[in-house]
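**Student:** Sending over a structure as structure tokens; questions will come in a sec.
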Amino acid sequence: MIKTVSVIGAGTMGNGIAHVFAQHGYLVNLVDLSKPQLDKAIATITKNMERQLDKGLITEEIKARALSNITTMTSFAGLKDSQLIVEAATENTDLKLSIFKQIDEVAPEGCILASNTSSISITKIAAATKRPGHVIGMHFMNPVPVMKLVEVINGYATKKDVTDTVVELSQKLNKVPCVVNDYPGFIANRILMPMINEAIYSLYEGVADVKAIDTVMKLGMAHPMGPLQLADFIGLDVCLSILDVLHKGFGNPKYAPCPLLVNMVTAGKLGVKTGEGFYSYIQGSKELTVSEQFK
């Protein structure tokens with residue numbers, strides 16, 4: 001039975017994953033090389049739990065217990081008691097392979113090694129370990145405490161009992177697991193990224209402006225957020241990285257990233273995290289303003 005979970009990476013996804021596990025009674029080791037990043041993660045988790053408390057979604061007791069369930073650490077030494085390790089580091093293949101080689105050395109026998117990757121091959125990650133049958137994808141959606149989906153990705157060698165365990169665990173977190181196989185982009189991004197890319201192409205080719213493209217998809221297709229705003233939220237660099245994985249993996253020109261997306265990433269206009277993408281983001285304001293570039 002899984003009681004102790006380690007989360008590698010204390011960024012946006014890592015702190016969200018730690019939050020959800022801790023809230024549901026699991027002991028969580030949150031691991032990051034940066035102590036300031038760990039401190040920031042705990043502050044974020046606390047703030048998000050206070051928001052849940054204000055909405056009546058949790059009690060003060062649940063919040064206090066959840067925060068006490070989280071232990072921060074700056075090395076992999078504390079992973080020896082884990083039954084599940086979830087890697088949530090930056091979406092970089094070499095980095096993830098390096099992490100999995102290291103955690104494979106210290107994780108106990110039988111421990112499941114999961115990656116929160118949104119596009120990198122689970123089979124490739126598993127090949128960096130001595131336990132490919134115990135490696136799986138556990139792709140949470142952002143923001144983790146809110147979004148219900150967990151995309152569970154089977155690598156070529158993933159054992160059925162490992163998949164069954166992760167599916168059951170996801171349900172215990174009050175999430176909805178969807179099992180998919182390990183091909184470029186899995187399902188979520190194989191469908192989403194070409195849509196975002198096509199929206200960027202429509203802007204690039206002058207078919208419609210930013211607001212028109214997003215409004216059509218929100219009001220016509222009942223999407224809660226338009227594809228260009230969503231791209232800003234995900235991060236344009238992340239979108240480009242996933243499209244590159246799809247393009248390389250399938251060798252199909254339909255996945256080739258739009259030149260406008262490439263230029264925006266090169267220029268450092270990455271969306272919400274840099275304050276500008278297709279929209280400009282003013283701190284403290286919820287109003288969307290189209291970037292000067294596209295007016």
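**Student:** Which one is farthest from Val210 (Cα to Cα) among residues in the stretch 269-295 that are among the aromatic types (Phe, Trp, Tyr) and out of contact with any Phe, Trp or Tyr (no Cβ under 7 Å at 6 or more places or on another chain)?
**Tutor:** For the stretch 269-295, the residue satisfying everything is Tyr281.
**Student:** Let me ask something else. Kindly evaluate Thr71 against the criterion of being modelled with pLDDT of 95 or more and among the hydroxyl-bearing types (Ser, Thr, Tyr).
**Tutor:** Answer is yes for this residue.
**Student:** Thr129: in contact with a Phe, Trp or Tyr (Cβ under 9 Å, 6 or more places away or on another chain), in a helix (DSSP H, G or I), modelled with pLDDT of 95 or more and assigned by TED's automatic domain parsing to the domain that holds Leu97, yes or no?
**Tutor:** The answer is no for Thr129.
**Student:** Specify which of the listed residues (Ala199, Ala212, Ala256, Ala208) is touching a Pro at 6+ places or on another chain (Cβ under 7 Å), farther than 19 Å from Thr117 by Cα and outside the structural domain of Val135 (by TED's automatic domain parsing).
**Tutor:** One residue alone meets the criteria, Ala199.
**Student:** On the given criteria, is Lys80 outside the structural domain of Val238 (by TED's automatic domain parsing), at pLDDT below 95 and in a helix (DSSP H, G or I)?
**Tutor:** It is true that Lys80 is outside the structural domain of Val238 (by TED's automatic domain parsing), at pLDDT below 95 and in a helix (DSSP H, G or I).
**Student:** Counting just the residues of the stretch 26-44 that are touching a Gly at 6+ places or on another chain (Cβ under 8 Å) and not charged (D, E, K, R), which one comes out farthest from Val86 (Cα to Cα)?
**Tutor:** Selected residue: Gln37.
**Student:** Is it true that Val272 is surrounded by fewer than 20 Cβ atoms within 10 Å (Cβ to Cβ), assigned by TED's automatic domain parsing to the domain that holds Ser202 and touching a strand residue (DSSP E or B) at 6+ places or on another chain (Cβ under 9 Å)?
**Tutor:** Answer is yes for this residue.
**Student:** Still on this structure: For the stretch 86-98, state whether one or more residues are of a type in the set (A, V, I, L, M, F, W, C), part of a helix (DSSP H, G or I) and either more than 30 Å from Val245 (Cα to Cα) or touching an Asp or Glu at 6+ places or on another chain (Cβ under 6 Å) (or both).
**Tutor:** No, the stretch 86-98 has no match at all.
**Student:** If you don't mind, another one. Looking at this structure, is Val176 surrounded by 22 or more Cβ atoms within 10 Å (Cβ to Cβ), out of contact with any helix residue (DSSP H, G or I) (no Cβ under 7 Å at 6 or more places or on another chain) and not assigned by TED's automatic domain parsing to the domain that holds Pro253?
**Tutor:** In short, no.
**Student:** Right, something else. If you go through the stretch 266-277, how many residues are under 22 Å from Met141 (Cα atoms) and either among the β-branched types (Val, Ile, Thr) or in a helix (DSSP H, G or I) (or both)?
**Tutor:** Residues meeting the conditions: 3.
**Student:** Further question: Give the residues of the stretch 162-173 that are out of contact with any helix residue (DSSP H, G or I) (no Cβ under 7 Å at 6 or more places or on another chain), closer than 21 Å to Arg131 by Cβ and not acidic (Asp, Glu), sorted by residue number.
**Tutor:** Thr163, Thr165, Val166, Val167, Leu169, Ser170, listed by residue number.
Per-residue answers, yes or no, for (1) assigned to a helix (DSSP H, G or I); (2) surrounded by 17 or more Cβ atoms within 10 Å (Cβ to Cβ); (3) not charged (D, E, K, R):
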{"residue": "Ala212", "(1), (2), (3)": "yes, no, yes"}
{"residue": "Met217", "(1), (2), (3)": "yes, yes, yes"}
{"residue": "Gln229", "(1), (2), (3)": "yes, yes, yes"}
{"residue": "Asp232", "(1), (2), (3)": "yes, yes, no"}
{"residue": "Asp237", "(1), (2), (3)": "yes, yes, no"}
{"residue": "Leu243", "(1), (2), (3)": "yes, yes, yes"}
{"residue": "Val262", "(1), (2), (3)": "yes, no, yes"}
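The values are calculated or read from the model by the stated rules, or taken from the named source; none is laboratory data. No experiment lies behind these values; they were computed from the predicted model shown. Virtual Cβ from ideal backbone geometry, glycine too; neighbours counted across all protein chains shown.
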